[in-house]
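In what follows, a single structure is set out as structure tokens and then discussed.
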Amino acid sequence: MNPLDWVLVRLFRRARKLDDLERYERYRVQHAIAPGFRFNGPGIILSEEGRISLGEGSYIGQHSMLLTKDGTEIVVGERTSISHFFVAYTKNTAADQDMSLPAETWSMNKGSVRIGNYCWIGFRVLVLEGVTIGDHVVVAAHSVVTTDLASGGIYGGVPAKFIRWKKGFEPAT
């Protein structure tokens with residue numbers, strides 16, 4: 001790479017980083033984002049519609065998306081770590097219907113997404129509408145969460161299934 005190309009690449013990266021920082025500050029004004037919440041990298045998108053609450057000491061990784069619609073919300077608890085390329089939806093087309101009909105007749109699934117405190121959400125996880133993830137939950141990379149996840153569990157897969165309890169969180173028998 002010649003020196004001029006190298007300088008141009010650096011300038012482009014700096015401009016993109018400044019654009020992200022400005023957008024993240026706008027998100028802090030628009031949504032309920034704790035002062036200690038961290039946007040961990042570039043390209044993080046939060047919807048303009050709906051309500052988003054992000055807890056103290058939590059963070060979300062680069063190129064992640066929190067997509068809400070009016071009347072729904074996404075809540076992330078305290079000290080929760082969300083890795084890169086995470087996506088959460090609060091409204092989605094219902095898959096079990098006749099898609100040959102006009103799109104305006106399709107039914108939609110809609111529901112808020114809640115992620116508890118002290119969770120660890122892996123790389124490229126998708127959380128669908130209406131899901132609640134309890135406290136102290138681990139979700140493995142590349143999982144698709146379609147149903148509620150109980151507190152203290154480790155889950156993974158497509159769709160995400162229970163793997164085992166975290167140490168110290170096993171239910172009393």
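The values are calculated or read from the model by the stated rules, or taken from the named source; none is laboratory data. Computed from a predicted model, the values in this text were never measured in an experiment. With ideal geometry, Cβ positions are generated from the backbone for all residues, glycine too; neighbour counts draw on all protein chains shown.
General remarks:
- Test: ASP70 is farther than 27 Å from HIS136 by Cα, modelled with pLDDT under 95 and out of contact with any Phe, Trp or Tyr (no Cβ under 9 Å at 6 or more places or on another chain): yes
- Applying a threshold of 7 Å to beta carbon distances and a minimum spacing of six or more residues, or different chains, the list of pairs starting in the range 156-173 at a residue that is within 11 Å of SER143 (Cα to Cα) and ending at one that is of a type in the set (Phe, Trp, Tyr) and modelled with pLDDT of 95 or more reads LYS161/TYR155.
- Residues satisfying the stated conditions in the range 134-145, i.e. over 13 Å from ILE115 (Cα atoms) and surrounded by fewer than 20 Cβ atoms within 10 Å (Cβ to Cβ): ALA140, ALA141, HIS142, VAL144
- Answer residue from the range 97-116, given it is within 27 Å of GLY153 (Cβ to Cβ) and more than 14 Å from the chain's Cα centre (by Cα) and is modelled with the lowest pLDDT among those: ASN109
- Exactly one residue out of SER64, SER58, SER47, SER81 is within 12 Å of the chain's Cα centre (by Cα), modelled with pLDDT under 95 and under 22 Å from VAL125 (Cα atoms), and it is SER47.
- Matching residues in the range 101-133 - criterion: being in contact (Cβ under 8 Å) with a residue 24 or more places away in the chain and of a type in the set (D, E, K, R): LYS110, ARG114, ARG124, GLU129
- Going through (1) more than 18 Å from ARG28 (Cβ to Cβ); (2) in contact with a Leu (Cβ under 7 Å, 6 or more places away or on another chain) one by one, ILE74 falls short only on (1).
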